[in-house]
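Enquirer: Below: one structure in structure tokens.
The values are calculated or read from the model by the stated rules, or taken from the named source; none is laboratory data. Since this is a predicted model, take the numbers as computed values, not measurements. Every residue, glycine among them, receives a Cβ derived from its backbone with ideal geometry; neighbour counts consider all protein chains shown. Note: accessible area is taken over every heavy atom of the protein model, side chains too, but ligands, DNA and RNA are not part of it. Shrake-Rupley method; radii C 1.70, N 1.55, O 1.52, S 1.80 Å.
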Amino acid sequence: MLSIKNLHASIGDKEILKGINLEVKAGEIHAIMGPNGAGKSTLASIIAGNENYEVTDGEITLDGEDLSELAPEERAHKGVFLSFQYPVEIPGVSVTNFMRTAINETRKANGLEEMPANEMLKVIREKSELLEIDRKFLSRSLNEGFSGGEKKRNEIFQMAMLEPKLAILDETDSGLDIDALRIVANGVNKLKSDKNAIVVITHYQRLLDYIVPDFVHVLLNGKIVKSGDASLALELEEKGYDWIKQEQEA
Ligand SMILES: Nc1ncnc2c1ncn2[C@@H]1O[C@H](COP(=O)(O)OP(=O)(O)O)[C@@H](O)[C@H]1O
Ligand SMILES: [Mg+2]
């Protein structure tokens, strides 16, 4: 599904990504771990099409299609979802109305008609039940006064509604409490299917107590220096990133 080959990217004259290779297939969950400043969020932003970064070499393809010339919205319409794509507060626009607009924009971009109102309601009901999202939450203004956990709930709800092919969840160091971690993990586990792929970016191992990834990659100084199965995350938790750094230097 997602194929990244020899990706190099810079901001200004600073090279941040220094040759990333990553293959993600449908049905897989990948975790990308690494210390602060390694380039994890940069990688996520570049896949989603953030234009602040300059890709200087390499390629990113989604189902064989080169993404490089596509704007962020076009990538989204093709099924790329990045968490916190819409962190803005929109007073007066409810979570539900926002989703309705987002879904219909995606459908339009893919040559489909708007989703009929009754079907939309049905989908909203199904997904909110699946994720145990309260009705009251759906009528609140988007992100206005949302707690960390509520922002996560909104993000996971967006993911459930948009049914992306490729979801990238950047669970930064932002002090996620255990409730927020559970919301994300629960959502990922429920939304995982053999048609989609999920990339979870995390600094800490603890999120992976709830989500069991098929593959774990360690990103260090702009490169993936080690890949393994879920046990790699435990090893990292135990030995820290210095262990990998030392291994690299040896
Ligand atoms: N917009 C930017 N301007 C300047 N430097 C940046 C920018 N974004 C990221 N960087 C730098 O790139 C490196 C990687 O950052 P980032 O991708 O956020 O790391 P991570 O998510 O792994 O903590 C850091 O050294 C950071 O300072
Ligand atoms: Mg980050």
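Enquirer: Distance from the Cα centre of segment 161-211 to that of segment 44-64, in angstrom?
Expert: For segment 161-211 versus segment 44-64, the Cα centre distance is 21 Å.
Enquirer: Between Ser139 and Ala117, what is the label-point separation in nm under the 7 Å Cα-to-beta-carbon projection?
Expert: Each label point is offset 7 Å from its Cα along the Cβ direction, giving 1.6 nm.
Enquirer: Right, something else. If one puts a single equal scatterer on every Cα of segment 184-250 and applies the Debye formula without solvent, what log₁₀ I(q)/I(0) results at q = 0.12, 0.14, 0.19, 0.22 Å⁻¹?
Expert: -0.34, -0.45, -0.77, -0.97
Enquirer: Then there is this: Please grab the % of Cα pairs in segment 2-249 that end up more than 26 Å from each other. It would help to have the intermediate numbers written out before the result.
Expert: Numbers: 12089 of 30628 pairs.
In whole percent, the share of Cα-Cα pairs in segment 2-249 beyond 26 Å is 39.
Enquirer: May I ask you to compute the full-extension gain from Glu15 to Leu130, defined as 0.36 nm times their residue separation minus their alpha-carbon distance, rounded to one decimal in nm?
Expert: Extra length from Glu15 to Leu130 when fully extended: 37.2 nm.
Enquirer: Could you state the principal axis extents of the C-alpha atoms in segment 95-188, from the largest down, to the nearest angstrom?
Expert: 41, 28, 23
Enquirer: Per residue, how many Å² of accessible area does the chain show with a 1.4 Å probe?
Expert: 50
Enquirer: Go ahead and set up a Gaussian network model of the chain, Cα springs under 10 Å, then flag whichever of Ala185, Ala71, Ala44 fluctuates most.
Expert: Largest GNM mean-square fluctuation: Ala71.
Enquirer: Here's something else I'd like to know. For a quick check of understanding: with a 1.4 angstrom probe and all protein chains in place, what accessible area in square angstrom does Glu51 have, to the nearest ten?
Expert: Per-residue accessible area (Glu51): approximately 140 Å².
Enquirer: Please report, in Å, the Rg and the Dmax of segment 1-112, where both are computed over Cα atoms only.
Expert: Spelled out, the Cα radius of gyration and Dmax of segment 1-112 are 15.6, 44 Å.
Enquirer: Another one. Which part of segment 123-147 falls in the paramagnetic zone of Asn97, meaning amide N under 13 Å from the point 7 Å along Cα-to-beta-carbon?
Expert: 139-143
Enquirer: Would you mind checking segment 133-165 for residues with the amide N under 18 Å from a putative spin-label position 7 Å along Cα→C-beta of Glu89?
Expert: Inside the label zone: 137-155.
Enquirer: Right, something else. Starting at the first residue of segment 30-43, write each ³J(HN,Hα) from the Karplus equation 6.51 cos²θ - 1.76 cosθ + 1.60 with θ = phi - 60°, in whole Hz, x for Gly and Pro.
Expert: Once θ is set to phi - 60°, the couplings for segment 30-43 become 10, 10, 10, 10, x, x, 4, x, 6, x, 4, 5, 4, 4 Hz.
Enquirer: How large is ³J(HN,Hα), in whole Hz, for each residue of segment 239-246 in order, when computed from phi with the Karplus curve 6.51 cos²θ - 1.76 cosθ + 1.60 and θ = phi - 60°, using x for Gly and Pro?
Expert: Calculated HN-Hα couplings, in order: 9, x, 6, 4, 4, 5, 4, 5 Hz.
Enquirer: Could you give me the ³J(HN,Hα) list for segment 65-74, computed from phi with Karplus coefficients 6.51, -1.76, 1.60 and θ = phi - 60°, whole Hz, x at Gly and Pro?
Expert: Whole-Hz 3J(HN,Hα) from phi for segment 65-74: 9, 5, 8, 4, 8, 8, 6, x, 5, 5.
Enquirer: Please give the calculated 222 nm ellipticity per residue for the chain, where each DSSP H segment of at least 4 residues contributes -39500 (n - 2.57) and the sum is spread over every residue; nearest 500 deg cm²/dmol?
Expert: Value at 222 nm, helices only, nearest 500: -12000 deg cm²/dmol.
Enquirer: Then there is this: Return a whole-number percent for the relative contact order of segment 61-198, with Cα pairs under 8 Å and 6 or more residues apart as the contact set.
Expert: Computed value for segment 61-198: 32 percent relative contact order.
Enquirer: Considering all alpha-carbon pairs of segment 113-250, what whole percent are spaced by more than 23 angstrom?
Expert: 43
Enquirer: Give the long-range amide H neighbours of Gly19: residues separated by 5 or more places, or on another chain, with amide H under 5 Å away, using H modelled in the peptide plane at 1.01 Å from N.
Expert: For Gly19, whose amide H was placed from the backbone, the distant partners under 5 Å are Leu7, His8, Ala9.
Enquirer: Could you give the dipole magnitude of segment 84-159 about its Cα centre, charging the beta-carbon of Lys and Arg +1 and that of Asp and Glu -1, in debye to the nearest 20?
Expert: I would put it at about 80 debye.
Enquirer: Using a 1.4 Å probe on the protein heavy atoms, what percent of the accessible area of the chain belongs to carbon and sulfur?
Expert: Values: 5800 of 12380 Å².
Carbon-and-sulfur percentage of accessible area, whole number: 47.
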